[in-house]
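Working notes, structure below.
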Amino acid sequence: MVYMVKVDTSTFGQNNRISLVSPLPALLNLERGDEVVFYIENGEVVVRKKTKLYNGIDFEGKDIKERLLEYESQETEKIIDTSDDPEEIKRLAYEEYKKDQERKKLTKHD
């Protein structure tokens, strides 16, 4: 089975802005002023840091990909570890639901 790891969600805001949620800036090695590039690949939007090539070789891009694969692997293991127990799946889903409800309450009070 193939899993797509959800990192978090962000809200589309003023001036057509979307904030990158933690841990993406660290995983992408982003610093203030760095450029990101948006692609469409196989019907999905892909966001990548614009990296510098050294004689045509993208060393930083390779490092970023390794960090992303490690993060993906760790998060996928969490999904796989619980996927055999229907009660655990239900408990985790309810936990996420409660977090969403709490976020909505906080947003209404701002």
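We did not get these values from a lab; they are worked out from the coordinates using the rules stated. Every value quoted in this text rests on a predicted model; they were computed, and no experiment measured them. Ideal geometry is used to build each Cβ from the backbone, glycine not excepted, and the neighbour counts take in all protein chains shown.
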Around Val37, under 12 Å between beta carbons, what's the net of Lys plus Arg minus Asp minus Glu among the other residues? 0
Let's test the formula: R0 of 25 Å, r as the Cβ-Cβ distance of Arg17 and Glu72. What FRET efficiency results, to the nearest 0.05? 0.45
Cα-only Debye scattering, the chain: base-10 log of I(q)/I(0) at q = 0.22 Å⁻¹: -1.36
Pairwise FRET efficiency - Asp85 versus Val45, Cβ, R0 = 30 Å, nearest 0.05: 0.35
As a test of the formula, what do you get for the chain when each DSSP H run with n ≥ 4 contributes -39,500 (n - 2.57) and the sum is divided by the residue count, at 222 nm and rounded to the nearest 500 deg cm²/dmol? -16000 deg cm²/dmol
Net dipole in debye of the chain [+1 Lys, Arg Cβ; -1 Asp, Glu Cβ; about Cα centre; nearest 20]: 660 debye
If you only keep lysine pairs separated by 8 or more in sequence, or across chains, how many in segment 14-84 come under 15 Å at the Cα atoms? 6
Over segment 14-84, what is the relative contact order in percent, taking alpha-carbon pairs closer than 8 angstrom and at least six residues apart? 22 percent
Run the simple label-point estimate for Leu92 and Glu35 please: 7 Å along Cα→C-beta, distance reported in nm. 3.9 nm
With angles folded into 0 to 90 degrees, how steeply does helix 59-82 sit against the dominant principal axis of the chain? Use alpha carbons for both and round to 10. 10 degrees
